[in-house]
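Comments concern the structure below.
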Amino acid sequence: MTEPRVVASGLRFPEGPSRLVDGAVAVVEMKGESVSRVSPDGTVTVVGDCGGGPNGSALGAAGELYVANNGGLSAEGTGYWHAPREFDGCVQRVDPDGTVTTVGGELPGPAPHRPNDLCFGPDGTLYVTDSANWEDLRDIRPGRLVAISSDGAQLGHVEVPAMPNGVAFGPDGRLYLSQSLTRKVLAFEVSGGEFGVPEQVLKLASGMPDGFCFDGDGLLYVCGSIGNAVHVYADGELKESIETGDGTQPTNCCVGADGALYVTFGLAGQLVAYDLGLTPGPVHTGSIAGGAA
């Protein structure tokens with residue numbers, strides 16, 4: 001069994017790790033209402049006070065971070081946790097000096113908006129998933145995948161039912177997305193804010209796909225959060241499952257500059273590293289004009 005190296009503990013429901021240029025890893029702390037930088041030696045520094053429920057992060061071209069903020073919601077046992085500073089979800093820009101602004105405007109569709117994860121495309125377009133009202137699973141509405149241009153305008157969106165969640169570009173240039181309630185990972189052709197018909201790439205045998213990432217060799221690492229495992233796929237075929245242990249809840253992952261697979265354990269409050277000697281893939285970045293503070 002592959003054993004992880006604990007990089008940082010005491011994180012307040014960590015999610016959305018992003019590889020930074022200096023070897024550090026950014027993580028959002030959902031129940032800390034913040035985004036933090038974890039240095040290679042494990043030092044945790046709060047970068048931005050976001051409020052709500054920071055759910056995913058992406059590195060910007062000038063060192064800023066972009067945060068998918070679901071507005072202040074997290075699962076907690078059999079119920080839900082609501083943030084002290086709750087609001088309708090949005091996309092935030094966090095500058096290196098800690099300034100937090102909203103970008104992309106009000107997301108399409110009815111409130112509540114629950115932005116979950118986000119990534120930049122090769123052309124600098126920012127893509128964000130909105131999981132919709134997942135606090136009401138019996139009556140959950142279709143979510144959305146939204147494209148935001150560098151000037152902050154929304155280029156387009158597509159409805160995705162059954163809780164769109166993690167999102168990342170694959171080595172084939174397609175945009176991959178986890179559809180948590182169907183246990184599927186889908187892939188879209190995208191161009192200029194327009195979306196093609198999604199193709200099913202894989203379906204987890206059990207558990208729920210959350211965040212995921214690709215390495216430089218094209219392997220796909222999918223966090224099965226409620227199943228306490230990270231599943232490794234090659235061309236849609238399951239290659240290996242890394243069991244993370246009861247009470248961990250792996251929420252998302254990224255490949256570090258050192259070739260380790262960094263995984264956030266939401267329930268355990270940890271950022272861990274699996275030293276697998278991976279080849280890091282490219283990180284697409286961009287910059288989105290800031291809006292209201």
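FRET efficiency for the pair Ala62 and Asp258, taken as 1/(1 + (r/R0)^6) with r the Cβ-Cβ distance and R0 = 25 Å, rounds to 0.60. In terms of overall dimensions, the C-alpha atoms belonging to the range 13-56 reach 28, 15, 15 Å along their principal axes, ordered largest to smallest. The GluC sites (Glu not before Pro) found in the range 52-156 that occupy coil by DSSP, while having at most 13 further C-beta atoms within 10 Å, are Glu106.
The tail of the calculated P(r) for the range 5-274 beyond 36 Å holds 4 percent of all Cα-Cα pairs. Between Gly224, Gly109, Gly51, the Gaussian network model of the chain with springs among Cα atoms under 10 angstrom shows the greatest mean-square fluctuation at Gly109. What you get for the range 5-274, charging only the Cβ of Lys and Arg (+1) and of Asp and Glu (-1), is a dipole of about 400 debye around the Cα centre. Amide hydrogen proximity for Asn228: with H placed 1.01 Å from N in the peptide plane, the residues at 5 or more positions away or on another chain lying under 5 Å are Gln249. The modelled label-to-label distance between Lys239 and Ser9, using points 7 Å beyond Cα along the C-beta direction, is 3.2 nm.
Each value in this text was obtained by applying a stated rule to the coordinates, not by laboratory testing. Being a predicted model, the structure only gives us computed values, none of them experimental. When we count neighbours, we look across all protein chains shown, and the Cβ atoms used for this are built from the backbone with ideal geometry, even at glycine.
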